[in-house]
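Asks: Below is one structure. I have some questions about it.
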Amino acid sequence: MKNKYSIFSLIKNAFSYHENWEKAWKDPEPKKEYDAIIVGGGGHGLATAYYLAKKHNLKNIAVVEKGWIGGGNTGRNTTIIRSNYLWDASAGLYDHALKIWEGLSQELNYNVMFSQRGVMNLAHNLQDVRDLKRRTHANRLNGIDAVYLNTEEVKKFCPIINTSQDIRYPVLGGTLQKRAGTARHDAVAWGYARGADEMGVDIIQNCEVKGIKRNGDTVEGIETTKGFIKTKKIGVVAAGHSSVIANMAGLKLPLESKPLQALVSEPVKPIIDTVVMSNAVHAYVSQSDKGELVIGAGTDDYISYSQKGSHDIVEGTLNAILELYPIFSRMRMLRQWGGIVDICPDASPIISKTSIKGLYFNCGWGTGGFKATPGSGDLFAHTIANDEPHKLNAAFNLNRFVSGDLVDEHGAAAVAH
Amino acid sequence: MFLINCPFCGEREQSEFKAGGEAYLERPKQPTELSDDEWAEFLFMRKNIKGVQFERWNHAHGCRKWFNIARDTSNDQIKAVYKMGEKPPVK
């Protein structure tokens, strides 16, 4: 049993200069065999292991990670959490996650700094207005909080937005989801890792998967840089590298991996207390607790694993940011980076069994997976444990690309993918 | 960000070009004969290679012609540029 984090443990550890905190998770060498192995130690993978141990009574579980936990896209995203998706299947999936977020810090005894500061999506043309109003109605029918705001209400909610009608893409209105917001991305990975470790999950870092061993149509284990590990169930949560793992098993996935960029500014005093996203001009911005503006750019249109995006993508985003927020014109950008995102043709994720028994994939989250981390882990754990999807992720199966029953969130969701 | 040597115009910035995705996806000759699985394979399933990939590009803000590139997707290095219909000069 781990020591509970509390004000008392903080005071107690202050007396020893914070040098005697117990390790949040161990760093074990892999055993010979596990009941289930999760490939990928990001937020989704660690959450999957956590819920497998907690809700499905599997104890002999390993998470293998080629780098360090939370060192991939978990640490690269812009931490936005919302559930205002158009289609019923997506609304169910993302709102399931949002409901878990609301109690996650308490559940994990780890402060994930979930902040329901609201997410506002802007409309810049008449079609945007129609689409956003339609989405607001769809959200409310699905029990998701959503309101439509006119230009004056947008200005009132976020006064630094330039609502002049003379700009190239004037703000005609927007939607607001008040339950939406942000969380501390690293803390999510660390909190789930600590929780999973406490229940006996082995978190194995610096362990890259090199091959998947099959006997006919059944998996037997994984080849890794730390040797062969036997298992009957493999859950792959490898984000941009999902296709690489799939190719090892002789599978093809409907994914394309592309660079997605983000950037942060120098830290400044609080200036924007919400998250504002704009689909049409592709600019979204929030402010971190450190004071940095967190800005998300778009994806490049070519396949790449290089973790470097093109300069013109950043330039385009900053053009839009400057027109919408003239107050930022003299801000200096501190860091810029790229992560590789796996994009599905319908811009919806895959949480699914495959044609190979014991091999499961949780991928295709594309540009917006962070928000779903707790729900994704919960539903993927259910799918692995029962060899059947939960009703909330049944629509997100691999077979939809054969049947044609796609969950088309391209452009229909709150931001362009 | 990288430079692409258009076979018709010469070296230009990548932002002038439009990526056309994986090359050599052959359009089905008998569309009516195809099963749903075969359609899914043609329409959606991709190799998404990490390594040298053959792909189509279009010089959208230039000559607007299509051509092929062999590019290492792990570091964006272009191994070869060649015209449509020509055999790939690498691998």
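The values are calculated or read from the model by the stated rules, or taken from the named source; none is laboratory data. This is a predicted model, so every value here is computed, not measured. Quick reminder, even Gly has a Cβ in these numbers, built from the backbone with ideal geometry, and neighbours come from all protein chains shown.
Asks: Kindly indicate whether B:Phe8 is hydrophobic (A, V, I, L, M, F, W, C) and outside any helix (DSSP H, G or I).
Replies: yes
Asks: While we're on this one: Filter segment A:228-260 down to the residues that are under 19 Å from A:Asn215 (Cβ atoms) and outside any strand (DSSP E or B) and list them by number.
Replies: A:Lys232, A:Lys233, A:Ile245, A:Ala246, A:Asn247, A:Met248, A:Ala249, A:Gly250, A:Leu251, listed by residue number.
Asks: Looking at (1) surrounded by 23 or more Cβ atoms within 10 Å (Cβ to Cβ); (2) within 19 Å of A:Asn77 (Cβ to Cβ); (3) within 14 Å of another protein chain (Cβ to nearest Cβ), which is the only condition A:Ile295 fails?
Replies: Answer for A:Ile295: the failing condition is (3).
Asks: Between a first residue in segment A:125-148 that is within 11 Å of A:Trp87 (Cα to Cα) and a second residue that is crowded, with 16+ Cβ neighbours inside 10 Å, which pairs have beta carbons less than 6 Å apart while being 6 or more apart in sequence or on different chains?
Replies: A:Arg135/A:Leu86; A:Ala138/A:Leu86; A:Asn139/A:Asn84; A:Asn139/A:Ala146; A:Asn142/A:Ala91
Rundown of residues vs (1) more than 14 Å from chain B (Cβ to nearest Cβ); (2) farther than 26 Å from A:Asn397 by Cβ; (3) of a type in the set (Lys, Arg); (4) in contact with a Phe, Trp or Tyr (Cβ under 8 Å, 6 or more places away or on another chain), yes/no style:
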| position | (1), (2), (3), (4) |
| --- | --- |
| A:Lys233 | yes, no, yes, yes |
| A:Ala262 | yes, yes, no, yes |
| A:Ser286 | yes, yes, no, no |
| A:Lys308 | no, yes, yes, no |
| A:Gly338 | no, yes, no, no |
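For (1) in a loop (DSSP other than H, G, I, E, B); (2) touching a Lys or Arg at 6+ places or on another chain (Cβ under 8 Å), each residue gets a yes or a no:
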{"residue": "A:Val281", "(1), (2)": "yes, no"}
{"residue": "A:Ile295", "(1), (2)": "no, no"}
{"residue": "A:Gly298", "(1), (2)": "no, no"}
{"residue": "A:Asp301", "(1), (2)": "yes, yes"}
{"residue": "A:Glu315", "(1), (2)": "no, no"}
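Asks: Also: Among (1) crowded, with 17+ Cβ neighbours inside 10 Å; (2) in contact (Cβ under 8 Å) with a residue 12 or more places away in the chain; (3) farther than 17 Å from A:Ser257 by Cβ, there is one condition B:Arg12 misses while meeting the rest; what is its number?
Replies: Here B:Arg12 clears every test but (1).
Asks: Same structure, new question: May I ask you to verify whether A:Phe370 is modelled with pLDDT of 95 or more, over 12 Å from the mean Cα position of the chain (by Cα) and more than 27 Å from A:Thr231 (Cβ to Cβ)?
Replies: The answer is no for A:Phe370.
Asks: Taking A:Ser278 as the residue in question, decide whether it is touching a residue at least 24 places away in the same chain (Cβ under 8 Å), within 11 Å of another protein chain (Cβ to nearest Cβ) and buried (at least 24 other Cβ atoms within 10 Å of the Cβ).
Replies: Taking the combined requirement at face value, the residue does not satisfy it.
Asks: Shifting gears a bit: Of the residues A:Gly250, A:Gly296, only one is in contact (Cβ under 8 Å) with a residue 12 or more places away in the chain and closer than 28 Å to A:Leu132 by Cβ; which?
Replies: A:Gly296
Asks: Follow-up. Name every residue in segment A:202-227 that is within 14 Å of chain B (Cβ to nearest Cβ) and in a loop (DSSP other than H, G, I, E, B), in order of residue number.
Replies: Going residue by residue through segment A:202-227, those that are within 14 Å of chain B (Cβ to nearest Cβ) are A:208-210.
The answer is A:Glu208, and nothing else.
Asks: What number of residues within segment A:156-176 are assigned to a loop (DSSP other than H, G, I, E, B) and in contact (Cβ under 8 Å) with a residue 24 or more places away in the chain?
Replies: 10
Asks: Name the residue, out of A:Ala238, A:Ala196, that is within 17 Å of A:Lys26 (Cα to Cα), among the small types (Gly, Ala, Ser), touching a strand residue (DSSP E or B) at 6+ places or on another chain (Cβ under 8 Å) and surrounded by 20 or more Cβ atoms within 10 Å (Cβ to Cβ).
Replies: Residue meeting the stated conditions: A:Ala196.
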